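Everything on this sheet refers to the single structure shown next.
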Amino acid sequence: MNKKLEITDADIQADIEAVGKIPVVESLLEVICRTTGMGFAAIARVTDEKWITCSVRDEIQFGLTPGSELKLETTICHEIRQNGERVIIDHVDEDPDYCNHHTPAMYGFQSYISMPIMRKNGAFFGTLCAIDPKPAKLNNPETIGMFNLFADLISFHLAAVEQLNSTNISLLEERKNTKLKELFNKELATANKQLAEAKKNLQSMVGKLTESEDKLLQAIETGRMGTWSINPNTYEVTMSPFVKDMFGFPLDREISIEEIVDAVDPDYRQMLTDVLGNAFAKHLPSDTEYPITNVITQERKWVKATGKVFLDADGNATEYSGMFMDITERKMDDIRKNDFIGMVSHELKTPLTSLSAYIQMLFAKAQKTEDDFTAGALEKANSQIKKMSAMINGFLNVSRLESGKIQLIKQEFYLDQLLRDVIEETQLTISSHLITLIPCDSFTIVADRDKIANVISNLLSNAIKYSPKGKSIEIRCNVIDGNAQVSVMDEGMGIKQQDVDKLFSRFYRVNNKHTQHISGFGIGLYLCAEIIERHSGKIWVESKSGVGSTFYFALPLKA
Ligand code: ADP
């Protein structure tokens, strides 16, 4: 009997709470007990599964409290729910319908009354019921009327509570919404303020940007520069007026890549085509110098064009663009300087050659008269003349290189033989270092023998120049990956990494306390690199400061 309710249905719980909120319920149950003389009265929520007490007045220790559950099938309310009819029993034992009914027998009551409570929408809610172990006078209009009235009252209150709940909910929601709206409006106002500020900043930035763009364009124009760009997908070319002007192209129409290549000096067209191909296919940047001919004035100009490929997020090229400069003046200056160096070197060579001839004559004479002192002095003078001659030849070669006057005269020769010849010649004048040719295979290459001899001789004399007396120098020669590779290894001062990349540039010399007393002009390695490059080869160095350096060059076996 004292079975406690286990509430699982939230709706039932809400109904119990709703009945609890009806203020007159307690007095109502009390009035029922007083007027009928019964000891137990209750309001029950009856569903198709459960019978649950919502409110109760228990003077006979029947044992139910709000929330208690009775097995639905054991109650008479179950039947009332099914047919919607009230049940009134004054005296169970004397009632033909209920004297053998299981419910009174089970719960031990003699009088019973139960009135259905219908919701305002017509749905069945439960019952208003009363029981007592003693018989009672219930089946009369007053009691039935009272129960009807009370059932209606409860139904009315339930509807009112329901209405109140939903009003409360909407009120709460309304309040919440109002609060939200206020908050939202506040946020919106702040966001608007920030937006306005951002707009102002943006406007001022755009202003500054336009200003600096104008300044840049002005600087570009005064610096005799222009901009260009090519669409990598359509090959459409855009040029600033300055660039078009340099070529002599009309300002009001598009220019094709072919028109540009046609205006470039024929010697440089292949290079330019390769550069464009590398930019489009491999996205490589470019920095080129070449002469062009203005299509209107036929004037020849030197230009420098730098370019960069811009990519989108997927790595596809979207633009190839850069700067375009008129470098005619600088180039002319270079050419003039170059010509001057060439001319001076050439002029110096003539007196030096006759000086050398005189010295050799005098040397022969001194030897004849066995004048050892004069012969010794003349020998020294001759070696100085040789040094000077090598220097002048170096300058002459630079000048020839720059003006494109160096021509390769290729022939087939044995590389190991050439190495032996150069080493032998060097050893004639130098005894300070131990020069070793590591035995290598004998094979031929097709190249300019004299110029390759110059390269080997330059590397060897540097190895001597930049390493202390008594140190070893090793020369190797191999075939690696289809290339002839020569290396010259010394145990000298070595080269710092920061200088390595610049060594092969014209006039570059490492400046430190070790090199400051060693004479030179920084043209030897530049000449080596130019010669090797013109043979489609490669030159490089591996070095460790304080340990030594190894200079390498590689040449294709077949020219
Ligand atoms: P130069 O010897 O006349 O200065 P090079 O072009 O032959 O010009 O060499 C450029 C610079 O490279 C040199 O000034 C020197 O500092 C460095 N260098 C060249 N060869 C060596 C070497 N074997 N060991 C160390 N430094 C070297």
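Filtering the range 466-514 to residues that are within 11 Å of the ligand (Cβ to nearest atom), crowded, with 18+ Cβ neighbours inside 10 Å and in contact (Cβ under 8 Å) with a residue 60 or more places away in the chain leaves Tyr466, Ser467, Val488, Met489, Asp490. You will find that of Tyr320, Tyr358, the residue that is in contact with a strand residue (DSSP E or B) (Cβ under 7 Å, 6 or more places away or on another chain) and modelled with pLDDT of 90 or more is Tyr320 and no other. Within the range 433-457, the set of residues being of a type in the set (Gly, Ala, Ser) and touching a helix residue (DSSP H, G or I) at 6+ places or on another chain (Cβ under 7 Å) comprises Ser442, Ala453, Ser457.
Within the range 232-240, does at least one residue satisfy the condition of being closer than 14 Å to Asp326 by Cα, assigned by TED's automatic domain parsing to the domain that holds Trp302 and in a helix (DSSP H, G or I)? No.
Let me confirm something: among Ala529, Ala453, Ala463, which residue is near the ligand (Cβ under 8 Å from one of its atoms) and on the phi < 0 side of the Ramachandran plot?
On the way: Ala529 fails: near the ligand (Cβ under 8 Å from one of its atoms); Ala453 fails: near the ligand (Cβ under 8 Å from one of its atoms).
Result: Ala463 is the single residue among Ala529, Ala453, Ala463 that is near the ligand (Cβ under 8 Å from one of its atoms) and on the phi < 0 side of the Ramachandran plot.
Arg81 - would you say it is among the basic types (Lys, Arg), surrounded by 16 or more Cβ atoms within 10 Å (Cβ to Cβ) and outside any strand (DSSP E or B)? Answer is yes for this residue. Among the residues of this structure, His535 does not count as one that is more than 11 Å from the ligand (Cβ to nearest atom) and more than 22 Å from Ser442 (Cα to Cα). Looking only at the range 259-281, residues that are closer than 21 Å to Ala317 by Cα and not β-branched (Val, Ile, Thr) come to 8 in all.
Restricting attention to the range 525-538, report how many residues are free of Cβ contacts under 8 Å to residues at least 60 places away in the same chain and crowded, with 20+ Cβ neighbours inside 10 Å.
Total meeting the criteria: 2.
The residue that is farthest from Thr127 (Cα to Cα), counting only those in the range 151-184 that are surrounded by 11 or more Cβ atoms within 10 Å (Cβ to Cβ) and small (Gly, Ala, Ser), is Ser170.
Flag not set for Val46, criterion: out of contact with any strand residue (DSSP E or B) (no Cβ under 6 Å at 6 or more places or on another chain) and closer than 29 Å to Asn165 by Cα.
The values are calculated or read from the model by the stated rules, or taken from the named source; none is laboratory data. Please read all numbers here as calculations on a predicted model, not as lab measurements. A quick note on method: Cβ atoms are made from the backbone with ideal geometry, for glycine too, and the neighbour counts reach across all protein chains shown.
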